[in-house]
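Chemist: Structure provided below as structure tokens; questions to follow.
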Amino acid sequence: MRLLVVVPTRLKRNGSGRLFLSDALESIAAQTLPADRSIDVEISIGVDPGAVLPADLDLPENATVSQAATPSQAAALNAAARPFDHDFVAILEDDDSWLPGHLETSLRALLGRDLEFVSSTQLQVDEAGEVASIFDFPTPSGWVMRRSVWLAVGPFDTSYRYHLDNDWLGRLAARGFRRGHLVECTAPLE
């Protein structure tokens, strides 16, 4: 099995000067996968047209970079997904990161529950690593899906500057795919 992780980036840096993308790539490298399956992970990074990768960016061997046709998040996502001929695709925006078991849990849900699309909650943490809030809305950084879903729903609509995920999820719902939403176990209960 093959999994493509799509990572759109604007190559911005956090408050300490580190590339957001570097943190995202480290969280991908730390992922666990189902031990009973052979899954090859490849990373496709989408950047704005003319973007130059910084010299301090250490790209893993399984990563490729694609330039978008126009400067936007939707265009970068679509450019990164263009080489998609894998069994599964996952999305991780560059200013987000995954807990180590995210891909394993999501893939097990897809494989074991006959689902086609899995989303998850998202924890917002502060600079000290403390949980500040939880987002129950299925943001793209929590999406893992089968290839058939991506092909049927299609790429992100580049005419949207904001809420491009709402449009995509609406098209997903209209096609009736079997979905699951995972709630992160350390999310604070109130």
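Chemist: Just checking my list (i) 109; (ii) 147; (iii) 126 against volume of the Cα convex hull per residue in Å³ computed from this structure; which label fits?
Modeler: (iii)
Chemist: Just to check I understand the Karplus step: with θ = phi - 60° and J = 6.51 cos²θ - 1.76 cosθ + 1.60, what whole-Hz values come out for region 92-103, glycine and proline as x?
Modeler: So the J values, rounded to whole Hz, are 9, 5, 5, 8, 10, 8, 9, 5, x, x, 4, 5.
Chemist: Take the alpha carbon gyration tensor of region 113-190, find the square roots of its eigenvalues, order them as a ≥ b ≥ c, and report rounded if a/c is under 1.5; if not, report prolate when a/b exceeds b/c, else oblate.
Modeler: oblate
Chemist: Can I ask one more? At 1.4 Å probe size, with every protein chain present, just tell me what the per residue accessible area of the chain comes to in Å².
Modeler: Ligands and nucleic acids excluded, the result is 52 Å² per residue.
Chemist: For a protection proxy built on the mean count of beta-carbon atoms within 10 angstrom, sort 6-17, 32-43 highest first, please.
Modeler: Per-residue mean Cβ counts within 10 Å order the peptides as 6-17, 32-43.
Chemist: Give me the percent of accessible area attributable to carbon and sulfur for region 100-150, probe 1.4 angstrom.
Modeler: Within region 100-150, the accessible surface is 48 percent carbon and sulfur.
Chemist: Quick one: of the DSSP bridges fully inside region 1-80, what percent are antiparallel, nearest 5?
Modeler: Percentage antiparallel, nearest 5: 10.
Chemist: Can you pull out the trypsin sites (Lys or Arg not before Pro) in region 120-190 whose DSSP state is coil and whose Cβ has at most 16 other Cβ atoms within 10 Å?
Modeler: Filter output for region 120-190: R161, R175, R178.
Chemist: Taking every DSSP beta bridge with both residues inside the chain, roughly what % is antiparallel (nearest 5)?
Modeler: In the chain, DSSP labels about 35 percent of beta bridges as antiparallel.
Chemist: Ignoring the sites themselves, what is the longest stretch of the chain with no chymotrypsin sites (Phe, Trp or Tyr not before Pro) in a DSSP loop and at most 15 other beta-carbon atoms within 10 Å?
Modeler: 1-159
Chemist: Next question. Which of the three applies to region 1-98, rounded, prolate or oblate, going by the alpha-carbon gyration tensor with a ≥ b ≥ c and a/c under 1.5 meaning rounded?
Modeler: The shape class here is oblate.
Chemist: Here is a further query. Keeping every protein chain in place, order I45, I134 by accessible area at 1.4 Å, biggest value first, i.e. largest first.
Modeler: I134, I45
Chemist: Using θ = phi - 60° and the Karplus curve 6.51 cos²θ - 1.76 cosθ + 1.60, what whole-Hz ³J(HN,Hα) does each residue of region 134-139 get, with Gly and Pro shown as x?
Modeler: Values, residue by residue: 10, 10, 7, 5, x, 6 Hz.
Chemist: What's the magnitude of the charge dipole for the chain around its Cα centre, counting Lys and Arg as +1 and Asp and Glu as -1 at the beta-carbon? Answer in Debye, nearest 20.
Modeler: Charge dipole of the chain: 740 debye, to the nearest 20.
Chemist: Report, in whole Å, the centroid distance computed from the Cα atoms of region 31-95 and region 111-190.
Modeler: Cα centroid to Cα centroid, the span is 17 Å.
The values are calculated or read from the model by the stated rules, or taken from the named source; none is laboratory data. Just so it is clear, the structure is predicted and the values come from calculations on it, not from any experiment. Glycine gets a Cβ as well: all are built from the backbone with ideal geometry, and neighbour counts include every protein chain shown. Ligands, DNA and RNA are excluded from the accessible area calculation, which covers all protein heavy atoms including side chains. Shrake-Rupley method; radii C 1.70, N 1.55, O 1.52, S 1.80 Å.
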